[in-house]
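Colleague: Before we start, here is the structure in question, set down as structure tokens.
The values are calculated or read from the model by the stated rules, or taken from the named source; none is laboratory data. Everything numeric in this text was worked out from a predicted model, so none of it was measured. When we count neighbours, we look across all protein chains shown, and the Cβ atoms used for this are built from the backbone with ideal geometry, even at glycine.
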Amino acid sequence: MKNLIITIGIIMILAGLAPAAQEESTDSKTTPEREARMAWWREARFGMFVHWGLYSGLAGTWKGEKVGDRGGMEWIQQRKKVDTWEYAHEAFPHFRPSTDFAEQWARLARAAGCRYVVFTSKHHDGFSLHDSAANTYDAKDLIGRDLCREIVDACKAEGLKVGLYQQSLIKEFDASLPDDPDWSLDSVSDQV
């Protein structure tokens, strides 16, 4: 846990040193609401992006062997070319978030000066941290918890805004999915 906190702290410090994005919209359909949100984001400048999910418990290893030397460990399933069910069988025993993980992250973000937190609600491996209506490959069915709800509630309690990152297009990792190239686009709304 100490290494995780130090790593997140370093990332947050480095992110704070980067200049704020100063994009100018050329879209004539830009709404006042969007402009207000972008103005808030530009002023907020500093937030935390939490890249976390089922793969995190594997800690860069597959069946006891190191998968790589740097970064990209969320791609373990693809790198090892395993189907979803074998991957899940190996990863599930290692994915046990503590009961207060969300509060710890929110306090850390607030203490570091963050104004917002964005986290992965579903990533490349297709595992949802929320209770998904699309399938049972989610935290609610695995451990009986809606981890997205826990994170959102903890961040709001600390006065932080919250954003979600959801990767829905996972066909390339699971050969058991349909061959229809539009399958994921048709079902995305069912996955949230």
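Colleague: Select, from Lys63, Lys81, the only residue that is exposed (fewer than 13 other Cβ atoms within 10 Å of the Cβ), touching a residue at least 24 places away in the same chain (Cβ under 8 Å) and more than 28 Å from Glu150 (Cβ to Cβ). Give the steps one after another, and end with the answer.
Modeller: On the way: Lys81 fails: touching a residue at least 24 places away in the same chain (Cβ under 8 Å).
Just a single option satisfies the conditions, and that option is Lys63.
Colleague: Using beta carbons and a limit of 9 Å, which pairs, at least six apart or on different chains, have the first residue in the stretch 29-45 and within 18 Å of Tyr116 (Cβ to Cβ) and the second one of a type in the set (Ser, Thr, Tyr) and in a loop (DSSP other than H, G, I, E, B)?
Modeller: Sorted first by the residue in the stretch 29-45, then by its partner, the pairs are Arg34/Ser25; Glu35/Ser25; Met38/Ser25; Met38/Thr30.
Colleague: Residues of the stretch 101-151 being among the basic types (Lys, Arg) and in contact with a helix residue (DSSP H, G or I) (Cβ under 6 Å, 6 or more places away or on another chain), which ones?
Modeller: If the condition is that a residue be among the basic types (Lys, Arg) and in contact with a helix residue (DSSP H, G or I) (Cβ under 6 Å, 6 or more places away or on another chain), then Arg115, Arg145 are the ones that fit.
Colleague: What are the residue pairs meeting all of these: first residue in the stretch 143-165, first residue part of a strand (DSSP E or B) and of a type outside the set (A, V, I, L, M), second residue modelled with pLDDT of 95 or more and surrounded by fewer than 16 Cβ atoms within 10 Å (Cβ to Cβ), Cβ atoms under 8 Å, and 6 or more apart or on different chains?
Modeller: Correct list of pairs: empty, since none qualify.
Colleague: For the stretch 66-78, which positions are surrounded by 15 or more Cβ atoms within 10 Å (Cβ to Cβ) and more than 16 Å from Trp52 (Cβ to Cβ)?
Modeller: If the condition is that a residue be surrounded by 15 or more Cβ atoms within 10 Å (Cβ to Cβ) and more than 16 Å from Trp52 (Cβ to Cβ), then Val67, Gln78 are the ones that fit.
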